[in-house]
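The values are calculated or read from the model by the stated rules, or taken from the named source; none is laboratory data. None of these values were measured; they are calculated from a predicted model. Neighbour counts run over all protein chains shown; Cβ positions are idealised from the backbone, glycine included. Remember, those area values only see protein heavy atoms, side chains included, never the ligands or the DNA or RNA. Shrake-Rupley method; radii C 1.70, N 1.55, O 1.52, S 1.80 Å.
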Amino acid sequence: MDGPTLIGRAALYDFLAVLAVSLLVVACTIYAEARYLYDARTLLVCIVLPLVFGSAILSLRKDRTLLFAFLALFWAVIDDRPIFFDSILTWPEVTRFHPFLPRLFMNIVIHALTILFLYLMIRESMKGSGVRLSKAPRVIILASVAFVLAYAQNIPLAVIQDVVQAGSNPASWYPFDVEAKLSAIFFLCLAVWQAKKLKASKSKT
């Protein structure tokens, strides 16, 4: 079997793996919104199941960039509505200000996990290039933009915070959240593309 055929088949398998994982995450998110109850079942169905399934499926792919990208964005998806992972320490209640410290702690953990896996994603994309991450400012900028967009609800702008405060209304929250997450995925893809482009250019020299 020639090289182009192998590459095409690998790309197809990557697409199918990402599609399967994405559909499960969306299904679990819809389930969480419909149920809107926070207990052990929510933990298992909406967090553990997609996390384990996504990690297992994507770890089968040769390029672990997809795995680390999924693990980076997964925490942003489950952070707020409808899963409210940032309030898991106070479940079944979802809290924002009272008590504040458990939610603050979980937000620090969630953001740290995203940063960690973004770093691993970029490192995996550049593996074999011999280029240090500090020498790839465009990759860092694109990944940073993806991080900010993934947690856009935390941006201290009045127009954004008005939507966040109105989070009890799905009609106002979800369009904003979906657009922010899709924008984060777009810049994440740009960061990976830039990293692989840099890797390819170094391999030719």
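Exactly one residue out of SER144, SER134 is assigned to a helix (DSSP H, G or I), of a type in the set (Gly, Ala, Ser), open to solvent by 40 Å² or more (accessible area, probe 1.4 Å) and at pLDDT 80 or above: that is SER144. Residue-level check: of (1) at pLDDT 90 or above; (2) open to solvent by less than 40 Å² (accessible area, probe 1.4 Å); (3) of a type outside the set (Gly, Ala, Ser); (4) not in a helix (DSSP H, G or I), LEU37 misses just (2).
Residues are listed down the side, and each one gets a yes or a no for (1) surrounded by fewer than 22 Cβ atoms within 10 Å (Cβ to Cβ); (2) free of Cβ contacts under 8 Å to residues at least 60 places away in the same chain; (3) not in a helix (DSSP H, G or I):
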site: CYS46; (1), (2), (3): no, yes, no
site: SER55; (1), (2), (3): yes, yes, no
site: ASP63; (1), (2), (3): yes, no, yes
site: LEU67; (1), (2), (3): no, yes, no
site: ARG81; (1), (2), (3): yes, no, yes
site: PRO92; (1), (2), (3): yes, yes, yes
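Among the residues of segment 128-153, just one is small (Gly, Ala, Ser), over 20 Å from the mean Cα position of the chain (by Cα) and under 23 Å from SER183 (Cα atoms), namely ALA136.
Just to be sure, is HIS111 open to solvent by 30 Å² or more (accessible area, probe 1.4 Å) and within 16 Å of LYS181 (Cα to Cα)?
Considered against the rule, which asks whether it is open to solvent by 30 Å² or more (accessible area, probe 1.4 Å) and within 16 Å of LYS181 (Cα to Cα), HIS111 comes out as yes.
Does at least one position in segment 5-15 carry a residue that is crowded, with 17+ Cβ neighbours inside 10 Å and in a helix (DSSP H, G or I)? No.
Scan segment 114-124 and tell me whether some residue there is at pLDDT 95 or above and among the β-branched types (Val, Ile, Thr). So far as segment 114-124 goes, yes, one or more of its residues are at pLDDT 95 or above and among the β-branched types (Val, Ile, Thr).
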